[in-house]
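Participant: Okay, here's the structure, questions in a sec.
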Amino acid sequence: MTTIEPEITIEVHLDADSAAAMARDVRLGLSAEFKELAPKYFYDDRGSRLFEQITELDEYYPTRAERGILADRSPEIVAAAGDPATLVELGSGSAAKTRHLLSAMRDAGCLSTYVPVDISEEITHDTAQCLVDEYPGLEVHGLVCDFEHHLERIPERSGSRLIAFLGGTIGNLYPDARREFLARISGLLEPGDRLLLGTDLVKERRRLEAAYDDAGGVTAEFNKNVLAVLNRELGADFDLDAFEHVARYDAEAGRMDIRLRSLAEQRVRLDDLDLEVAFDAGEEMRTEISSKFTRDGLEAIYAEAGLGLAGWFTDPAADYALSLAQRVD
Ligand code: TRP
């Protein structure tokens, strides 16, 4: 636990051996009949920069839509959430979008504490510092951890809380993992607490597929960057030009299915894993799913986790939704 200023506390709970975890994950994913890589390995420095670029593409509407909802409707969201004293944000990063919520809480006179939860210690420190300057009297209690594993570390409650999970990241979890994650969040919610969840919505295939396969090729570059990460971190010899980016909407499953397709029959070596992997010509390896939701579908998902819908906010085009949920006991 480090205290930099009286208003700032930051706790770090990172797994001792993330390199070993990555080696284990990748070995499992590449040894399976249907190969798959976990999306968290996209985000090295270059991957994070490419993702920033994606969020600014004409084709990629989710980030803009979510920011628009927060910019236009944060006062309504905060009121519907019952004027919470604490904002907990899972995957806070630079908290760019969060300021709309914090400002609405300040204006409503309820703002006391911000709890950013993020995997990057540096960003969490910098963000905390900026925010205590911008919001006089704000307490920041940051948590540096992988929120999929350390949700229980969220500090004890003093006043009601709003737990925000933005960016549509819930859509990147498979249904089982999503169920487990929401059940754990549900377990953290006390009467009066709310979850604020960002979800991309079902829409025409053409727009969904364009959002994940832009004309300029930034998304293709982002997707292939995961191979460069494996080359560097695991001593692999993936040839990035021997794979192509594939982004298809699976309407039945209600999700984008993002893959890398091997352009030829080839073998790839991962020195650090002492593993050789064969790809057939045309073989596809999944790198991410991104589920798209409907209001009814989300209500059913909430119900399974003991949650009830308590607010529904979309952009004018209804491309994207921020929903509020609360425990129903
Ligand atoms: N989580 C983002 C999403 O589902 C990430 C993303 C955007 C992404 N474009 C991508 C992941 C392309 C893989 C490939 O929208």
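Participant: Residue by residue through the range 50-67, note down the ones that are part of a helix (DSSP H, G or I), among the hydroxyl-bearing types (Ser, Thr, Tyr) and in contact (Cβ under 8 Å) with a residue 40 or more places away in the chain.
Facilitator: Of everything in the range 50-67, just one residue is part of a helix (DSSP H, G or I), among the hydroxyl-bearing types (Ser, Thr, Tyr) and in contact (Cβ under 8 Å) with a residue 40 or more places away in the chain, namely Thr63.
Participant: Right, here's the next one. Wholly within the range 216-296, which strands (runs of 3 or more DSSP E) include no fewer than the required count, namely at least 1 residues that are within 12 Å of the ligand (Cβ to nearest atom) and either β-branched (Val, Ile, Thr) or at negative phi (or both)?
Facilitator: 243-250, 255-262, 284-291
Participant: Also: Yes or no: Val132 crowded, with 20+ Cβ neighbours inside 10 Å, part of a helix (DSSP H, G or I) and in the same structural domain as Phe181 (by TED's automatic domain parsing)?
Facilitator: no
Participant: If you take the residues in the range 138-153 that are assigned to a loop (DSSP other than H, G, I, E, B) and either in contact (Cβ under 8 Å) with a residue 60 or more places away in the chain or in contact with a Lys or Arg (Cβ under 8 Å, 6 or more places away or on another chain) (or both), which one is nearest to Met105 (Cα to Cα)?
Facilitator: Leu138
Participant: Is it the case that Arg161 is within 11 Å of Val88 (Cα to Cα) and of a type in the set (D, E, K, R)?
Facilitator: For Arg161, the condition - within 11 Å of Val88 (Cα to Cα) and of a type in the set (D, E, K, R) - is met.
Participant: Something else now. Would you point out the residue of the range 154-182, among those that are in a loop (DSSP other than H, G, I, E, B) and away from the ligand (no atom under 14 Å from the Cβ), that is farthest from Arg99 (Cα to Cα)?
Facilitator: Among residues in the range 154-182 that are in a loop (DSSP other than H, G, I, E, B) and away from the ligand (no atom under 14 Å from the Cβ), the one farthest from Arg99 (Cα to Cα) is Glu156.
Participant: Which of the residues spanning the range 176-205 are crowded, with 20+ Cβ neighbours inside 10 Å and of a type in the set (A, V, I, L, M)?
Facilitator: Leu182, Ile185, Leu189, Leu195, Leu196, Leu197, Leu201
Participant: Looking only at the range 28-39, how many residues end up being in a helix (DSSP H, G or I) and surrounded by fewer than 16 Cβ atoms within 10 Å (Cβ to Cβ)?
Facilitator: Residues meeting the conditions: 2.
Participant: Among residues belonging to the range 8-33 that are among the acidic types (Asp, Glu) and at pLDDT 90 or above, point out the one that is farthest from Glu284 (Cα to Cα).
Facilitator: Per the criteria, the residue is Glu11.
Participant: Out of the residues in the range 206-215 that are surrounded by fewer than 16 Cβ atoms within 10 Å (Cβ to Cβ) and in a helix (DSSP H, G or I), which is nearest to the ligand (Cβ to nearest atom)?
Facilitator: Per the stated criteria, the residue is Glu209.
The values are calculated or read from the model by the stated rules, or taken from the named source; none is laboratory data. These numbers were taken from a predicted model, which means no experiment stands behind them. When we count neighbours, we look across all protein chains shown, and the Cβ atoms used for this are built from the backbone with ideal geometry, even at glycine.
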